[in-house]
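**Student:** Got a structure for you, written out below as structure tokens; questions coming shortly.
Every number in this text was worked out from the coordinates using simple rules, so none of it is lab data. Everything numeric in this text was worked out from a predicted model, so none of it was measured. For neighbour counting, all protein chains shown are included, and Cβ atoms are generated from backbone atoms with ideal geometry for every residue, glycine included.
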Amino acid sequence: MKTLPDLESSRALISPAEAMPPDRLRTLQDERLRAVVRRAYETVEVYRRKWSEAGVSPEDIHGVEDLPRLPFITKDDFREAYPFGMFSAPLSEIVEIHASSGTTGKPTVVGYTRADIEIWGEVMGRTLAAGGVTSNDIVQNSYGYGLFTGGLGAHYGAARIGAAVVPTSAGNTKRQLQVMEDFGTTALCCTPSYAIVLGETGREMGINFEALPLRVGFHGAEPWSESMRQEIERSLCIRALDIYGLSEVIGPGVAYECLAQSGLHIAEDHFFPEIINPTTLEHVLEGAHGELVFTTLTKTGLPLIRYRTRDITYFIPGQCKCGRTLRRMAKVSGRTDDMLIIRGVNVFPSQIEQVLGAVEGTEPHYQLVIDRQPGRLDEVELWVEVSEDVISDEVRRMEALEMKILKELESMLGLSIKVRLVEPKSIARSEGKAKRIVDRRDLGI
Ligand code: DLL
């Protein structure tokens, strides 16, 4: 059996900024906030306008306690300011530009100064170190390089800690696996859905992951469940860690798991988190679910003050066993805007994934197909891939499995959704973020 990294590896690689006493951290956050608020007000139109409308000025903000006095910023503000209106530094100081493609409208454009790239390297370096990665490691970076922040973000982190980064980018799966085997990759960075594809394809190619030096994976950019974690860990013989981030805030590196795998540490010396009730816009009680809001404390290219992420999570109380004092958040369970309303019931893809993870014989590949016939109610069908042996089984057994999924969904959601079992590999695989919802209503069929 190969030895996988344990909590000791996370403990050994804590940076001083991750283990500050809470009062020192708070003083630092307050100081940094005062500076960033002044900067945003002086250089970005949208802040000046919104804050004047709300009757607050930078002098009213003494520390993070005062944040609730300031209005929120949303993706719409980015759209209105497209492409560079949110930048706080002149273009001569911007050294890199990324963009995230939203589901609707114009992409969100973000700019980094040289100092921001340093911060990015620092937080992504911490992310990798929390998984036990050092300068002795070979990091295969299968996040897409390009406008997406995953590729370059992970790259800067690996470079920062002196690991050897192999910039494979996403795609070309067989070649990825060849590189992994030949180079002796020890750490892997990719989306959780692509990790599943790598495991699946690797098995077909006859790769014995148990015999490879690969031992840890850093997966994020989309929600994934605990059962998907188990699947990745089993299939690639690694410890799989969740990493979270978004382009507007910096990219990956905003929050990361350590090997305790009990929540994601937020890099709150750089990104101050709040959790609000998306309806009342007030802070939720400690430990309650809500929408994450971030304020960047140190970025100069694009400071963000109270940005609504739409991501749903909660703060985990108490301190982590690894020794990091940074506050933890739970895995993101979904977004307020990927919530589907099916016959009046709120449904998140993560709930479906949870149900499927508990039903034997199903694979972690599914799609919700929504359709509408003229003059009829929306029809929703859940397509679930099943393993080879289920498909070759008797029809009666397949029907029983369909019924089991239907019943489990019914008890979780209070809703009955038609289930269709589909052949292995019939649902399109993703090299980046997986597409879970197919909305045919948009096509007007
Ligand atoms: O996805 C940054 C990233 C790259 C994070 C690589 C982790 C690894 P965007 O393309 O701007 O940036 O998408 C950001 O993706 O608001 C969440 O809804 C979702 N997301 C990111 N990480 C996670 C995660 C990158 N670990 C949006 N769990 C965010 C759940 C995640 N959702």
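**Student:** Find me the longest stretch of the chain that has none of the exposed GluC sites (Glu not before Pro), where exposed means in a DSSP loop (not H, G, I, E or B) with at most 12 other Cβ atoms within 10 Å.
**Tutor:** In short, 1-281.
**Student:** If you plug each phi of the stretch 139-155 into the Karplus form 6.51 cos²θ - 1.76 cosθ + 1.60 with θ = phi - 60°, what whole-Hz ³J(HN,Hα) values come out, in order, with x for Gly and Pro?
**Tutor:** Working through the residues one at a time gives 9, 8, 9, 9, 7, x, 8, x, 5, 4, 7, x, x, 5, x, 5, 4 Hz.
**Student:** While we're looking at this one, here's another question. So if each residue of separation counts as 0.36 nm, and I subtract the Cα-Cα distance between Thr27 and Arg343, what length gain in nm does that give?
**Tutor:** Once the chain is fully extended between Thr27 and Arg343, it gains 108.9 nm.
**Student:** Whole-Hz Karplus ³J(HN,Hα) for the stretch 42-53, in order, using 6.51 cos²θ - 1.76 cosθ + 1.60 and θ = phi - 60°, x for Gly and Pro?
**Tutor:** Result, ordered by residue: 6, 10, 10, 3, 4, 5, 4, 5, 5, 6, 5, 4 Hz.
**Student:** Tabulate in residue order the Karplus-calculated ³J(HN,Hα) for the stretch 277-286, using 6.51 cos²θ - 1.76 cosθ + 1.60 with θ = phi - 60°, rounded to whole Hz; enter x for Gly and Pro.
**Tutor:** After applying 6.51 cos²θ - 1.76 cosθ + 1.60, I find 7, x, 8, 7, 6, 8, 4, 7, 5, 3 Hz.
**Student:** Within the stretch 229-265, what residues put their amide N at less than 19 Å from the label point 7 Å along the Cα-to-Cβ vector of Glu210?
**Tutor:** 230-240
**Student:** Hey, another quick one. With a cap of 13 neighbouring Cβ atoms within 10 Å, and only residues DSSP puts in a loop, list the trypsin sites (Lys or Arg not before Pro) found in the stretch 199-306.
**Tutor:** For trypsin sites (Lys or Arg not before Pro) across the stretch 199-306 that sit outside H, G, I, E and B with at most 13 neighbouring Cβ atoms in 10 Å, the list is empty.
**Student:** Here's something else I'd like to know. Is it possible to state the helix-based mean residue ellipticity at 222 nm for the chain, with each DSSP H run of 4+ residues giving -39500 (n - 2.57), the sum divided by total residues, to the nearest 500 deg cm²/dmol? What is it?
**Tutor:** Rounded to the nearest 500, the figure is -9500 deg cm²/dmol.
**Student:** So in the chain, what percent of DSSP beta bridges are antiparallel if you round to the nearest 5?
**Tutor:** In the chain, approximately 65 percent of DSSP beta bridges are antiparallel ones.
**Student:** Moving to a separate point now. Across the chain, what fraction of all alpha-carbon pairs, as a whole percent, falls in each successive 10 Å bin from zero upward?
**Tutor:** 4, 20, 29, 26, 15, 5, 1, 0
**Student:** Okay, next question. For the stretch 340-439, what are Rg and Dmax over the alpha carbons, in angstrom?
**Tutor:** 13.5, 40
**Student:** What number, in percent, do you get for the relative contact order of the chain if the mean sequence gap of Cα pairs under 8 Å and at least 6 apart is divided by its residue count?
**Tutor:** 15
**Student:** Evaluate the charge dipole of the chain about its Cα centre and quote only its size in Debye, nearest 20, assuming +1 on the Cβ of each Lys and Arg and -1 on the Cβ of each Asp and Glu.
**Tutor:** The calculation lands at about 440 debye.
**Student:** Name the residues whose placed amide hydrogens come within less than 5 Å of the amide hydrogen of Val284, ignoring near sequence neighbours (fewer than 5 apart) on the same chain.
**Tutor:** Here Ile275, Ile276, Asn277 satisfy the definition.
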